[in-house]
Amino acid sequence: MKRAVIHIVLMVLAVVLFYTEIRFGSIKMTNADFWDRLIENDPVLWAFRIPAACTAALAGACLGLSGWLLQTLFRNPLAGPSILGITSGSSLMVALVLLAGFSFSGIFSSLGLVAAALIGSFGVLALILLVSSRVKQLATVLIFGLMIGYLLGAFQSILIDAAGKSELKSFVSWGLASFGNYRDGQLWILLGSLVLGVLTVLKLGSKLDFWLLGEDYARSLGVNVKSFRMALLAVCGVLAGVVTAYCGPVAFLGLAMPHAVRMFYKEPHHLKFLTVLLLTGACAGMLCELITRMPWSSSVLPLNAVTSFLGAPVVIWLLVKSRKSKIRF
Amino acid sequence: MILELKNISVGYNEPLVSLVNAEVLEGELVVLVGKNGVGKSTLLNALKGIQELKSGRASLYGKAIGDYTVGELSRNVAVVNTARPLLNGWTVLNVLESTDKSTGKEKSVITEALALCQIEDLKRKEVDVLSDGEFQKVMIARAICQQTPLMILDEPTSFLDVIYREHVLQIFSELKDTFGTTLVLSSHNFAPLLKIASQVWVISRGKMEVIQSDFDYDGIIKRLK
C-alpha cells in the first residue's frame, strides 16, 4: 500500500512540476494565453520550455539510475557518475573544441559539442571496460577511473591556461551544465539510454541484490561476475555519457538521488526500488531546472549551483546518519 | 560420491598445495585445517569454482567443477565466508529472501532456516547493526535457504563466542544428519568440530593429508607444525 501511495504522490508531483515548468518563465502569460500557445505550437513552449522540462526529467532519471547502479556495482554509497572519469573525458573533448579550436568534419560537425562530449565519454568508457575485463579487483577499476579523471583534468588545465577570455567563458558555462540547450533528437537519445538502463535492471533483476552480498556470494548465487561488471559499467557509462554530452557535467544528481529516495522509501530489492528512483530522479531534475530558471525573475542560475545546493545536504545527511547507525564506509 | 579430488594442485604463481586426493560422500562433514597462509581458502575457492586448478581434476557428482556454469554451481554449492558486506537498510529477512528464488513453497525454507539457526528474533533487524557472531549465523541461514547439496564454509566459527560456537556445531550436525547436506569447512578452532567431523583434511608443507577416523587433536596439531 505504502509503495502505491509513494508512486501516486511522485507521479502527481511530476505532473505539477512539469506544468509549473512549462507554465511559468521569463515571458509572462495569462492562463488563457498559455493554453492558446500550447494548442498553437507556440515556440516559447514547444521549442524551449517543453523540451527543457522533458530533458530535465529524462536527465534526472538517467543520472539517478547511473548513480544508483554504480553504488551497487562498487558497493560504495559515495559512488556516482563522475567517478569513472567519464565526465572528464567529455570535459577534455569539449575543452579541445572550445578552447583549442579543434573541429569535427563530416557527420560530427553538425553535432559539435555533443559529438565531442560523446566521443570523450565513450572513449574513457571503452578504456574502463578494457581494464575491467583484465583485472580481478573492482577497486582497481575504480582507482583507474579516478586516475584517468585526474590525467584528463591535467590536460584540460593546460588548455584552460592557454585559452583566451571569451573561449574560457563558454567553456566554464558548459561546465556549469544546463538542461535548457535543446538539440534535435536529444530527447530520443536520452529516452533511448534510459530504456537501455531500465531493461538492464529488469534483465539482471535479483542479481543486483545478490551483488551487494559480495562477489563470492554473488557468484555462488549464479551471477557471472565478469559479464555482470561489464554490463553495469557499460550501461552506467552510456547513461552518464549521454547526459553529459547534452547537458554538461551535471553535479550531484547521480550521487545523491539514491540516498534522497531512501530518506522516504527503504526498499532493499532493486526491482522494487527502480520505479520510485526513476520518478524521484525525474522530479528532482525538473525541480532543479525550475529553480535554475527562477520563473519569477529574468535571470538564470547555473544548474550545478542548484544541484549542489540540493545534493550536498543529502550527502551530509547520509554521513551524519551513518555515524549514528554504525554503518561503515 | 559428491566430491572427488584427484591429484589436484592449487595456488597462484607457485602451487600452495599439491597432489591433493580426497573423496567426500553425501552428508559428510569435512574439516579443513592448516596454519595461516597454507592455502586453505585457495583450496576452498577451487571447490567453489572461483580458482582454477593448476593441475588435476576436481569433480562434483562426477563432472569437473570447471565445466559447471555459474547457474548450475549455484544450485549445487552454497558458500559462507568471513566477509561482512555493507547492506544499507537490509533486514535479516531481506538477506534470506534474496536467496529465495521461487515462490510459495520455499517460504517455509526461510522459516526453517531461521528456526534452525535460532535467529527468529533477529529477522526484522537491520543486518548492519548485528554483531559479527549474529551476522555469521544469518549468513549460515542464508546458505541453508539456498538448499544445495554441498555447503562450503570458510572459517564459519571465527567470530563466534563459546555458546554461539556450540550452537553452530548443532546446526552443522542437523544439516548433515537430517538434511543430508555435505559440508566442507575450514577452521582454526577445530577442536569441537572433531566430534562431528567425518574427515579431517590437514594441510602442511604444501601437502594435504586426509584423516578418516580417530581424530586426535594433539596429533593434528603436531602435523600442522
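General observations
- Net charge contributed by nearby residues that have their C-beta within less than 15 Å of A:THR30 (K/R +1, D/E -1): -1
- Among B:GLY89, B:GLY180, B:GLY56, residue whose mean-square fluctuation peaks in a GNM of chain B (springs only between Cα atoms under 10 Å): B:GLY89
- Here the spin labels are modelled as points 7 Å beyond Cα on the Cα-Cβ line, and at A:TRP46 and A:SER297 they lie 3.3 nm apart.
- Look at the stretch A:207-216: the mean tally of other chain Cβ atoms within 10 Å of its residues' Cβ atoms is 5.
- Computed 3J(HN,Hα) for region A:199-214, one whole-Hz value per residue from the Karplus formula 6.51 cos²θ - 1.76 cosθ + 1.60 where θ = phi - 60°, is 4, 5, 4, 5, 5, 6, x, 5, 4, 5, 5, 4, 4, 5, 6, x, glycine and proline marked x.
- Note on A:LEU196 and B:ASN189: with the Förster distance fixed at 45 Å, the Cβ-Cβ geometry gives a FRET efficiency of about 0.35.
- Alpha-carbon Rg/Rh ratio, for region A:2-324, with Rh computed the Kirkwood way: 0.98
- 10 Å Cβ neighbours from other chains, averaged over peptide A:219-232: 4
- 10 Å Cβ neighbours from other chains, averaged over peptide A:256-268: 2
- Each Lys and Arg contributes +1 and each Asp and Glu -1, all at the Cβ; summed about the Cα centre of region A:1-122, the dipole is approximately 480 debye.
- Annotation: peptides A:45-54, A:27-36, ranked by per-residue average of other Cβ atoms within 10 Å with the highest first, follow the order A:45-54, A:27-36.
- Length-normalised contact order for region A:2-324 - Cα pairs under 8 Å, 6+ apart - percent: 32
- Subset of A:LYS207/B:LYS48; B:LYS40/B:LYS63; B:LYS35/B:LYS222 violating a 20 Å alpha-carbon distance limit: B:LYS40/B:LYS63
- Given charges at Cβ of Lys, Arg, Asp, Glu: region A:1-52 dipole, positive-most of A:VAL16, A:ALA52, A:TRP35: A:VAL16
- Rounded to the nearest Hz, the phi-derived 3J(HN,Hα) couplings of region A:272-286 under the Karplus curve 6.51 cos²θ - 1.76 cosθ + 1.60 (θ = phi - 60°) are 7, 7, 3, 5, 5, 4, 5, 5, 5, x, 4, 5, 4, x, 5, where x marks glycine and proline.
- Residues A:LEU84, B:LEU183, A:LEU202, ranked from the fewest to the most other C-beta atoms within 10 Å, line up as A:LEU202, B:LEU183, A:LEU84.
- Computed FRET value (nearest 0.05) for B:ARG205 with A:LYS321, which takes r as the C-beta separation and R₀ as 35 Å: 0.10
- Neighbour-count order for B:THR82, A:THR87, A:THR292, fewest beta carbons within 10 angstrom listed first: B:THR82, A:THR292, A:THR87
- Annotation: Cα Rg of chain B relative to the compact-globule expectation 2.2 N^0.38 Å equals 1.00.
- Set of lysines with alpha-carbon distance to A:LYS2 below 24 Å, sequence-local pairs under 8 removed: A:LYS266, A:LYS272, A:LYS321, B:LYS107, B:LYS123, B:LYS125
- Backbone HN-Hα couplings from phi across region B:186-199 [Karplus 6.51/-1.76/1.60, Hz, Gly and Pro as x]: 9, 7, 8, 9, 8, 3, x, 5, 4, 4, 10, 6, 9, 9
- Three principal axis extents of the protein assembly as shown based on alpha-carbon atoms, in descending order, are 92, 52, 39 Å.
- With K and R counted +1 and D and E -1, the other residues having a Cβ less than 13 Å from that of A:LYS136 yield a net charge of +1.
- Under a 5 Å amide H cut-off, with hydrogens placed 1.01 Å from N, B:THR181 pairs with B:LYS176 among residues at least 5 apart or on other chains.
- GNM top mover of B:SER74, B:SER187, B:SER98 - chain B, alpha-carbon springs below 10 Å: B:SER98
- Region B:1-35 and region B:43-61 have Cα centres separated by 8 Å.
- Remark on A:PHE102: its backbone amide H falls under 5 Å from those of A:VAL97, a criterion applied only to residues 5 or more positions apart or on other chains, H modelled at 1.01 Å from N.
- Label point 7 Å beyond Cα of B:GLU72 along Cβ direction - residues of region A:216-239 with amide nitrogen under 11 Å: none
None of the figures in this text is laboratory data; all of them are computed from the coordinates on show. Quick caveat: nothing in here was measured; it's all calculated off a predicted structure. All Cβ positions, even for glycine, are placed from backbone atoms using ideal geometry, and neighbour counts span all protein chains on display.
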